[in-house]
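No value in this document is a laboratory result; all are computed from the given coordinates. Note that the structure is a prediction, hence the values are computed from the model and not measured. Virtual Cβ from ideal backbone geometry, glycine too; neighbours counted across all protein chains shown.
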């Protein structure tokens with residue numbers, strides 16, 4: 001038995017089925033006998049259960065637990081015998097080490113509603129967190145254990161750019177599918193459940209071949225779509241979609257689907273596999289044209305490297321916004337609001353010595369991260385700006401949390417990062433502020449002495465914009481952010 005323990009330790013971790021084969025071979029016994037001996041193994045040998053096919057467990061030595069070797073072997077075990085777990089790892093690595101919690105179910109084939117024979121998605125996520133495979137990056141995102149993640153650190157800015165582009169593409173896809181009659185008007189939804197599984201986009205469809213009739217009453221089929229953008233796409237990355245479609249067809253054969261996978265590029269083997277399953281492969285270039293494809297590339301680059309670009313080449317932002325307005329149609333108000341931090345960054349990039357956009361900061365002994373929308377550094381002061389580019393006002397609850405939680409936390413970080421510099425905190429809100437929020441901010445602005453607080457509504461923002469020596473910026477604000485509320 002000592003040799004078996006040493007073998008497990010040397011392996012770093014091993015599936016019980018593989019270990020049973022090894023024991024049966026070296027001891028010349030039946031595998032059933034070998035499995036019984038594995039069950040009798042005690043500390044320092046431990047077992048991770050509840051993930052693997054055929055009731056297998058992951059066997060490891062206590063000396064290996066939580067090491068790089070341990071997680072490497074665990075990932076291999078997932079790929080071999082727990083493909084639902086492996087799909088989660090693939091999805092997060094594809095998204096550069098970080099993914100929105102609301103989006104992750106799209107990239108798995110674990111159901112969000114109960115289906116016989118399937119582990120529910122919330123159950124799977126909780127088990128992966130308990131196994132220290134999956135972690136909370138912040139309130140909105142998941143990341144992987146550092147030993148499993150391909151990126152040394154999650155690339156938050158790049159992830160944010162991909163997320164924006166995905167939302168833009170889904171918005172455009174909804175318009176396209178509506179305009180050609182594939183989907184019904186105003187029925188498309190993002191992160192929508194169909195057949196027990198979540199998709200990035202789904203909409204009922206009454207086109208011939210999908211619609212069915214029961215007692216003369218039409219029952220629609222569904223257009224379902226997911227998006228893979230911003231990384232190489234191989235058979236490994238598309239497997240979740242194929243498994244999800246197959247699972248729905250097996251559990252609910254009467255449900256008619258029109259499956260679409262939206263991509264910016266895909267390897268030939270993956271393409272062939274998708275075609276065999278009857279999936280429509282919708283590449284960005286073929287679906288929306290070369291100009292749109294180039295726009296998305298520019299958006300990804302600009303959002304990812306916003307601080308550097310807005311400081312060194314701010315006019316490229318103006319050109320990008322003009323191109324976005326020209327090529328993107330439909331309801332994009334919320335998406336435009338997500339780019340408002342770039343507008344504020346454009347303004348400060350003209351003045352400050354260095355600029356950061358969307359910087360994530362963490363205070364010592366605090367697991368929670370805070371995002372700084374715009375961080376403008378001057379010789380004698382540093383400005384921290386919250387950017388609200390939406391057509392609704394900032395409310396009281398937001399302001400109270402901002403003053404009581406975010407400002408104190410960010411100030412602690414600033415005192416180390418920018419010692420002896422005056423600190424200025426601002427909120428720019430294109431939708432203005434509710435009356436109670438304004439009263440709270442005015443009081444805080446009046447009584448605060450150690451640092452400065454300011455808040456800007458539409459009028460104040462345009463006044464600042466008019467101070468610049470170019471009218472282009474003010475025009476963009478009026479056309480792009482204030483059009484709906486003027």
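If you line up the long axis of helix 340-349 against the longest principal axis of the chain, both from Cα atoms, how many degrees apart are they, to the nearest 10?
Once rounded, one gets 60 degrees.
Report, in whole Å, the centroid distance computed from the Cα atoms of the range 60-83 and the range 391-467.
Their Cα centres are 47 Å away from one another.
I want to check the label-to-label distance for residue 193 and residue 18. Put each point 7 Å from Cα in the C-beta direction and report it in nm to one decimal.
A separation of 3.6 nm, rounded to one decimal place.
Where does the range 209-303 land on Rg/Rh, using Cα atoms and the Kirkwood Rh?
In the range 209-303, Rg relative to Rh is 1.07.
As I understand it, the value is the acute angle between the Cα axis of helix 16-27 and the longest principal axis of the Cα atoms of the chain; what does it come to in degrees, rounded to 10?
Between the helix axis and the principal axis of the chain, the angle is about 30 degrees.
With angles folded into 0 to 90 degrees, how steeply does helix 290-304 sit against the dominant principal axis of the chain? Use alpha carbons for both and round to 10.
80
Any chance you could run the full-extension gain for residue 7 through residue 459? It's 0.36 nm times the residue separation minus the Cα-Cα distance, nm to one decimal.
Stretched out fully, the residue 7 to residue 459 stretch lengthens by 155.6 nm.
To two decimal places, what compactness ratio does the range 306-481 give when its Cα radius of gyration is scaled by 2.2 N^0.38 Å?
Cα-based Rg divided by the globular estimate yields 1.03.
If you take Rg/Rh (Cα atoms, Kirkwood Rh) from the coordinates, which of (i) 1.06; (ii) 1.03; (iii) 1.30 do you get?
(ii)
Run the numbers for residue 381 and residue 404: contour at 0.36 nm per residue of separation, minus the present Cα-Cα distance, in nm.
That works out to 6.1 nm of additional length.
Report the percentage of all Cα-Cα pairs in the range 2-80 whose separation exceeds 23 Å, rounded to a whole percent.
The share of Cα pairs beyond 23 Å in the range 2-80 comes to 12 percent.
With all pairs of different alpha carbon atoms counted, what Kirkwood hydrodynamic radius in Å does the range 200-258 show?
13.1
Could you check the spin-label model distance between residue 448 and residue 26? Points 7 Å from the Cα along Cα→Cβ, value in nm.
That separation, rounded to one decimal, is 6.5 nm.
For the residues 216, 203, 184, 232, what sequence is obtained by ranking on other C-beta atoms within 10 Å, fewest first?
With the sparsest Cβ surroundings first, the list reads 216, 232, 184, 203.
Express as a percent, rounded to the nearest 5, the fraction of DSSP beta bridges in the range 306-481 (both residues included) that run antiparallel.
45
Would you kindly state how much longer the chain becomes between residue 285 and residue 212 on full extension, computed as 0.36 nm times their sequence separation minus their alpha carbon distance, in nm to one decimal?
Extra length from residue 285 to residue 212 when fully extended: 23.0 nm.
Using 1/(1 + (r/R0)^6) with R0 = 35 angstrom and r between the beta carbons of residue 116 and residue 362, what's the FRET efficiency to the nearest 0.05?
For residue 116 and residue 362, the calculated efficiency is 0.20.
Would you please state which residues of the range 3-31 a label at residue 40 would reach in this model, taking the label point 7 Å out along Cα→Cβ and a backbone N cut-off of under 17 Å?
3-6, 20-21, 23-31
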